[in-house]
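Worksheet: the structure to be examined is printed underneath.
The values are calculated or read from the model by the stated rules, or taken from the named source; none is laboratory data. Predicted, not measured: the structure shown is a model, and the values here were computed from it. Heads up, the Cβs are rebuilt from the backbone with ideal geometry, glycines too, and the neighbour counts pull from every protein chain shown. Calculation scope for accessible area: heavy atoms of the full protein, side chains included, ligands and nucleic acids excluded. Shrake-Rupley method; radii C 1.70, N 1.55, O 1.52, S 1.80 Å.
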Amino acid sequence: PHRKSSAITLEPMVTAALSASARMAMAKTPSTRLNMRLAALTLRTPAQRAYRHRGGAMIPYATATTDTPAEAASESKPVVRKRVLSGVQPTGALHLGNYLGAIRNWVELQEQYDTFFCVVDMHAITVEHNPKVLLESTRTSAATYLAAGVDPEKATIFVQSHVTAHAELTWLLNCTTPIGWLERMIQFKEKSKKAGENVNAGLLDYPVLMAADILLYQADLVPVGEDQLQHLELTRDIAKRVNDQYGGRKWQKMGGPKGRLLKVPEALIPPAGARIMSLLDGTSKMSKSAEAEGSRINLNDTPDQIMKKIKRCKTDAFDGLEFDNPDRPEANNLLAIYQLMSGKTKEEVAAECASMRWGDFKPILADATIAHLEPIQAKYNAVMEDTTYLDSLLQKGADEANEAAERTLDNVKQAMGFMPRTRK
């Protein structure tokens, strides 16, 4: 059942901190505007076509997810929401790409689905990391979720490592996953080349941990970008393999019900244009790991920092500005950012900016970005001023997540033949 919103909100703490321009930006930016334009899904890329070819369904964000109240009432059955799981690594400051590509969409998803959003700190240690930075970033990432509008009364928000079932199920899945499946992962090949002799087993095993994250909660849908589709394919393959080897009648013989152990998830495709590219290279994804700080706009950047980064961002020598020209990746990226920051439609932005020069457009883009981020930054600061409140929310979220995760873990262990633990 859908949880009701709490009477306690952050708005009273931050309203006074907002400028008139920020309040106007909030009013002009209904979060449903972009997603509702997804009337139909097209398979836009080779990776998406490959995923569909392997049997996976690809669900657009705007797809209806529950029975209507009238349908539910007529059939005398409760409304059951599909479950969604997603998370972001706490590696450094979250940036505009993380927000527009994932976190902002979560605000809509929590209204339509049973949602679990985690800070995936265990994934963050597959590469060299600073322990103090990881500790700080874990808390600030969770605060950013809240600041962006994720409601702990509508969604379960937790830290991955606070639910030990993630690590335990990963080991069980490791023992059913052929190593050849992992060696074929494109991200492993790319990152292992960069790491050289320093590549660790965690980097190879990263997709199995991701599979455990998803399968623990019996997620129906997983929001994925282009670079994660192959990992979701692997998750589906692992789930099917476990079900084949241990589910059904085999599980029944071990004392369980005759049925499926793990739900096979589907991809939930983000809105078109939600993949934000680097400010210095319109063909590369905006990334926290990029060495150049000017390549990204961090969500906690000051107005002055945002102005400077946009002023120095890469452009081109063409006349006017336009979307969807393959020879102008920077134009497409910056116009897409402006569209999302301003809340305008693609058509409105195209008409407004068609005859602009870069010198005229950059200040407009900077102003829209600053106005959009101001209320998020105000909420973030309010949350970080009360870490006791934040920690209590994460504890509550971990308790809720653990309850769901333990059910799945116990079932898998029973089916695989592990002796049950006596619980007090």
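Legend: residues PHE117, PHE188, PHE418, sorted from most to least accessible area (1.4 Å probe; ligands, DNA and RNA excluded), read PHE418, PHE188, PHE117.
Accessible surface for GLU108 stands near 20 Å², nearest 10, in the context of the full protein assembly shown (1.4 Å probe). Annotation: amide H-H contacts under 5 Å for HIS95 (H modelled 1.01 Å from N, sequence separation of 5 or more, or interchain): LEU299.
Mean projection of the Cα convex hull over all viewing directions, computed for the stretch 229-270: 3.0 nm².
When the Debye formula is applied to the Cα atoms of the stretch 279-424, each taken as the same point scatterer, what base-10 log of I(q)/I(0) results at q = 0.09, 0.18 Å⁻¹? Scattering profile of the stretch 279-424, log10 relative to I(0): -0.49, -1.03. The solvent-accessible area of TRP181, taken with every protein chain present and a 1.4 Å probe, is close to 50 Å². Ligands, DNA and RNA aside, THR156 has an accessible area near 0 Å² when probed at 1.4 Å.
The simple spin-label model puts a point 7 Å past each Cα toward its Cβ; for LYS314 and ILE364 those points are separated by 2.4 nm. Summarising the overall dimensions of the stretch 359-424 from its C-alpha atoms, the Rg and Dmax are 22.9, 69 angstrom.
Between the stretch 147-163 and the stretch 237-290, the C-alpha centres lie 19 angstrom from each other.
Under 16 Å of direct C-alpha separation, and excluding same-chain neighbours fewer than eight residues apart, LYS154 reaches these aspartates and glutamates: GLU108, GLU111, ASP114, ASP399, GLU400.
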